[in-house]
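Report on the structure given below.
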Amino acid sequence: MSELRAQVVATAQALFAAAPDWPAIVAAGFPLLLVPESAGGFGGDWGDAFAVLQVAGAEALAQPLAEAMLAAHLIARAGVVAPHGLVTIGSGGGTIRAGKFTGHVAAVPWGRVAAQVVATIETNAAEPVLLLLPAGAVTEGASPAGEPRDRLDYRGVPAVRLGDADHALYGAFLRVGQSAGALGAALGLATAHVNARVQFGKPLAKLQAVQQSLAVLAEEVAAVQMAGAAAAAALDRSGGAYEMMAAKLRTNMAIHRGVALAHQVHGAIGFTQDYPLHRLTRRLMGWRSDFGGDSWAEMLGEQALSERGAGLWADMVRRGDG
Amino acid sequence: MTAVFALPPHVPPPGTAALRSEIRSFIAANLPAGDAVSRANSWSVADAGFSRALGAAGWLGMVWPRAWGGHERPAMDRYVVLEELLAAGAPVGAHWIADRQTGPLLLRYGTDAQRQKYLPGMARGEVYACIGLSEPGAGSDLAAVRSRAEKVPGGWRINGQKLWTSGAHRAHAMLALLRSEAGSERGAGLSQFLIDLDTPGITIRPVINLTGEHDFNELFFDDVMVGDDALVGGQGNGWAQVTAELALERSGPERYLSSHALLVTLIDAARASGSENAALRATIGKLVAELWTLRQMSMATAAKLAGGEDPVVEAAIVKDLGNDFEQRLPLAVQAVLDLDLDGSTELVRVLSHLLQVSPSFSLRGGTREILRGIIARGLGLR
C-alpha cells in the first residue's frame, strides 16, 4: 500500500469509527477522493477508493459517502463545476424537452437530504443519459438496513447533461468495496464471539464444526477482498467493466454464504438490536440488490457466449497481461 | 476488519502476452488429438511424448538453475505456462509431480549429487516422480505414517507401505516420508527419501478407481536397501519439508482449472445447438465471475510463494474455493440443460465423467476438512 493510501485509510479509520455526521466527512475531504487535483479534488485512484470504502463498510458508516464520491467523480469527469451540498446518485426514467426533465429517479440513497442527484435516465432514446438534477419532490423509502432510499419526482426542471455513461457498474463497484469491509468486520465479530462464548465447558472456537464454519466465512471475505482489489486495479489501468461485473457477482455470492455463517455462529446473540452484527449484515443483504444485483450475470454470460468456448479463457487473461 | 488474505493483485509484467502466445503456439503444434474427457483430466493424463516435447522446448524446470538443466525463468513465467497448459487441457500428468514439487524440493533440500542425478532428466520431461505420503493408516492424519527407514551400514533399510499413490506405475522415483527414528511419534523422527522405483524389494500394484481407471497404486517396501544418498534434507526434518512441499502442491492453478474443458465444451455446445437461454447465460456469467476471482486469488498466492514467502493459509483458501467451484460446475450444467447422459456427445461425455470424479477434488492434495482446519488456525481458533 502506498504511503498516501495508508494515510488516507488511517484518517478514514479514525473518523468513521466515531460515527461522524455528514459535515465532518465533507470537512475531511472524502467525497472528493476521486476528483482530480486540477478540479479541486483529492486526486485519488480507484485503489484508494476501494480502501476507503472498505473502512466505511467495516464501520457500518451510515452516511452516503460512496454515492457522493461517485457523483463527484462523474461530475468532474464531465467537466462540470461541482455544486454545493450533498450530491447523491440514482436511476430513473422520463423525458427531456429543451433541457427540461420530467420524470422520476427511484430509490435514491439519502434523496431527501440531497441538494442534487446524478441520475442515469432511460428515455425513448436507445441509450440512457446521465443527468445532473436538482432536488425533487420526495417520497420517502428505506433500505433493509433502514437507510433512506427515496423516490424523487420532477416536472420540467432544468437538467445538466453529463454524458451517456451508465454509472450502474461503478455503483456496483462501490458496493463491492463496502461489502469487502463489512464482511471482513463480520468475520472479526464472529471470531471474537466464538473465542469469548463458552458452551459445553469450552469456548465455541474449540468446536471443530465452528472452526470449519468460520474458515468458510474467511474464504468468502478473501474472495470479495481480492475481487474488489483486482477490479480497482483494472479500473486504474483503464476499462474495468468486465472486472466490475465479475466482482459484484462474486460479492453477491459471498454475502449470501458469509452473512448466513456469521449469524449462525453468533446464535440468538447476533440477532439483537444491541449487538452490532446487524449493522453489517442488514446492509450487506440489501447491497446485493443495489446497482444491478445478479442481473450482471446475463451480460457477462452473453459476452462469453459471443465467442467459442476457448475464447473465454483468452478473453479473461488478455485483460491483465502487460 | 479481519483479513486472512491481504494480498495485492498480481500484475503480470510486460512481456506476459508475448510469453503466452509463445506457449500457445507450442500447444497448438503439439497437443495430441483427444476428446474433452481427456482435456478435463489434464493433469491426470500422462503422455510421455508430450512431456518430452515440453522439456525439449524449455517449458519444464523453468525456474531451476541452468546448472541442473533448468532455464532460470521467473516463477510467474512458469505460472503463465501452467495456466495455458491447463486451460487447453494438455496431458501434463507424466511430469507434473516432478516439475511441481519433487524438483523444487531437491533444489531446496537436496545435495548437488541428487540434483545432478534427477533434475536434468526432470527438466527434459524424461524422469517422473510420485508422492510418497499417504499410507493405509495415514491419510489426512499424515503424522501417523509408519513406513520406516532403519539405519544400516552404508545406507538405509526400508519397510512399509504407501497407498493412493497417483502415477507410481509410470514414475521413476518416489519422494517418500518415512519414520527414520524407531519409536518416534507424530511429526518427530520423520525424514524424506528419494527412492528409485526399480530398486529390488519394491512392489507396485494398481488400485483401480471408481470409473475403472488406473491412476492410484499401492506400493510395498520389503527390505528395500538404499544408500545414504537417498536421504533428502536433514535427518528428522521430514515434517517441516513436507509442509513446504504441500504449499507447492496446493498453490497452483490446477486447483481451479482442472475441469475447465467442461465450461469450454458447454459454450461450444450451446452455440452450436442454439440452446442459449437466459438461465444459461446467467449461469455462465456467474461461473465466469467465480473463475475470474479464483484466478486473481491463485495468481496473488503464487506471487507470494515466488517472493520467497510461505502462503500456507492463502493456498488452502484457493484450493478449497477452487475445489468447491469445480464440484458445482457439472451440477450447474445439469441445472440449465436437460441432457440425455448417454455418451452421445462430447458435452455429455465430459459431464458424465466429471459427475463421477468431481467428488475427489476435495480429497486429493488435502481434504476440505484439513484445509479448513489450516484456515481456522490462521484465524487463531486452534
Fill in: Interface A:B - total buried accessible surface [probe 1.4 Å, Å², rounded to 100]
4700 Å²
Worksheet, complete the sentence: Between A:Trp110 and residues 5 or more places away or on another chain, the pairs with built amide H atoms under 5 Å apart involve A:Arg149, A:Asp150
Response to the item:
Dividing the helical contributions, -39500 (n - 2.57) per DSSP H run of n ≥ 4, by the residues of the protein assembly as shown yields a 222 nm value, nearest 500 deg cm²/dmol, of -15500 deg cm²/dmol
Worksheet item: Does anyone have the angle between helix A:277-287 and the longest principal axis of chain A? Alpha-carbon axes, 0 to 90°, nearest 10?
Response: 40 degrees
Practice prompt. Divide, for chain A, the radius of gyration over alpha carbons by 2.2 N^0.38 Å, where N is the residue count.
Written response: 1.04
Practice prompt. Positive end of the charge dipole of the protein assembly as shown (Lys, Arg +1 and Asp, Glu -1 on Cβ, about the Cα centre): tell me which of B:Leu60, B:Ala143, A:Phe42 has its Cα farthest that way.
Written response: A:Phe42
Item to complete: Please work out the FRET efficiency for the pair B:Ile208 and A:Ala17, using the Cβ-Cβ distance as r and a Förster radius of 51 Å; give the result to the nearest 0.05.
Response: 0.25
Practice prompt. State, in angstrom, two size descriptors of the range B:251-378 derived from its alpha carbons: Rg to one decimal place and Dmax to the nearest whole number.
Written response: 16.1, 49
Practice prompt. Give the Cα extents of the protein assembly as shown along the principal axes, in whole Å, largest first.
Written response: 95, 61, 49
Response to the item:
HN-Hα couplings for the range A:190-195 via Karplus (6.51, -1.76, 1.60; θ = phi - 60°), in whole Hz with x for Gly/Pro, come out as 5, 5, 4, 5, 5, 6
Discussion item. As a test of the definition: which semi-axes, in Å, follow for chain B when you take the square root of five times each eigenvalue of its alpha carbon gyration tensor? Largest first, please.
Written reply: 35, 22, 22
Practice prompt. Can you tell me the equivalent ellipsoid semi-axes for the range A:196-300? Use √(5λ) from the Cα gyration tensor, largest first, whole Å.
Written response: 32, 15, 11
Worksheet item: Using +1 on the beta carbon of Lys and Arg, -1 on that of Asp and Glu, and nothing else charged, what's the dipole of the range B:225-382 about the Cα centre, debye to 20?
Response: 480 debye
Item to complete: Under a cut-off of 26 Å between alpha-carbon atoms, report the lysines in cross-link reach of B:Lys286, not counting same-chain residues fewer than 8 places apart.
Response: A:Lys248, B:Lys319
Worksheet item: Going by alpha carbons, how many degrees (0 to 90, nearest 10) lie between the helix axis of A:296-305 and the longest principal axis of chain A?
Response: 80 degrees
Worksheet item: Top mean-square fluctuation among A:Arg308, A:Arg250, A:Arg151, Gaussian network model of chain A, C-alpha springs under 10 Å?
Response: A:Arg308
Practice prompt. Might you report the magnitude of the Cβ-based charge dipole of the range A:85-166 about its Cα centre, with Lys and Arg at +1 and Asp and Glu at -1, to the nearest 20 debye?
Written response: 300 debye
Practice prompt. Specify the angular offset, from 0 to 90 degrees and rounded to the nearest 10, of the alpha carbon long axis of helix A:3-16 from the longest principal axis of the alpha carbons in chain A.
Written response: 80 degrees
Worksheet item: Rounded to the nearest 0.05, what FRET efficiency is calculated for A:Lys202 and A:Met1 with R0 set to 41 Å and r the Cβ-Cβ distance?
Response: 0.60
Worksheet item: Relative to the isolated chain, which residues of the range B:266-284 have their accessible area cut by 10 Å² or more in the presence of all protein chains (1.4 Å probe, heavy atoms, no ligands or nucleic acids)?
Response: B:Ile267, B:Asp268, B:Arg271, B:Glu276, B:Ala278, B:Arg281, B:Ala282, B:Ile284
Discussion item. Testing the spin-label approximation: label points 7 Å from Cα along Cα→Cβ at B:Arg328 and B:Asp228. State their distance in nm.
Written reply: 5.5 nm
Worksheet item: Using modelled backbone amide H atoms (1.01 Å from N, in-plane), which distant-in-sequence or interchain residues come within less than 5 Å of B:Gln161's amide H?
Response: B:Ser147, B:Phe221
Response to the item:
Per principal axis, largest first, the Cα atoms of the range B:107-176 extend in Å by 36, 32, 22
Worksheet item: What's the FRET efficiency of A:Glu122 with A:Ser289 using the Cβ-Cβ distance as r and R₀ = 22 Å, to the nearest 0.05?
Response: 0.75
Discussion item. To the nearest 20 Debye, how big is the dipole of the protein assembly as shown about its Cα centre, given +1 on the beta carbon of each Lys and Arg and -1 on that of each Asp and Glu?
Written reply: 860 debye
Practice prompt. Report Rg (one decimal) and Dmax (nearest whole number) for the range B:79-196, counting Cα atoms only, units Å.
Written response: 15.5, 50
Discussion item. I want to verify the translational diffusion coefficient of the range A:1-63 in µm²/s; compute it with Stokes-Einstein, Rh as the Kirkwood radius over Cα pairs, at 20 °C and 1.002 mPa s.
Written reply: 183 µm²/s
Worksheet, complete the sentence: Under the 7 Å Cα-to-Cβ spin-label approximation, A:Arg155 and B:Arg66 lie apart by a distance in nanometres of 8.3 nm
Worksheet entry | Carbon + sulfur, % of accessible area of the protein assembly as shown - ligands and nucleic acids excluded, 1.4 Å | 53 percent
Discussion item. Test of understanding: in a Gaussian network model of chain A with alpha carbons linked when under 10 Å, which of A:Leu284, A:Leu162, A:Leu53 would top the mean-square fluctuation ranking?
Written reply: A:Leu162
Fill in: Members of the range B:344-382 that become less accessible by 10 Å² or more once partner protein chains are added (1.4 angstrom probe, chain alone as reference)
B:Glu369, B:Arg372, B:Ile375, B:Ala376, B:Leu379, B:Gly380, B:Leu381, B:Arg382
Worksheet item: From the phi of every residue in the range A:149-155, what ³J(HN,Hα) in whole Hz does the Karplus formula 6.51 cos²θ - 1.76 cosθ + 1.60 yield, where θ is phi - 60° and glycine or proline is x?
Response: 9, 10, 8, 10, 10, 9, 9
Discussion item. Please give the Cα centre distance for the range A:295-322 versus the range A:99-145, rounded to the nearest Å.
Written reply: 32 Å
Fill in: Accessible area per residue in Å² at 1.4 Å probe, computed on chain B
38 Å²
Worksheet, complete the sentence: Candidates B:Ala269, B:Ala17, B:Ala48; GNM for chain B (alpha-carbon contacts under 10 Å) flags as most fluctuating B:Ala17
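The values are calculated or read from the model by the stated rules, or taken from the named source; none is laboratory data. No experiment lies behind these values; they were computed from the predicted model shown. Here the Cβ is made from the backbone with ideal geometry for all residues, glycine too, and neighbour counts use every protein chain on show. Only protein heavy atoms, including side chains, enter the accessible area calculation; ligands, DNA and RNA are left aside. Shrake-Rupley method; radii C 1.70, N 1.55, O 1.52, S 1.80 Å.
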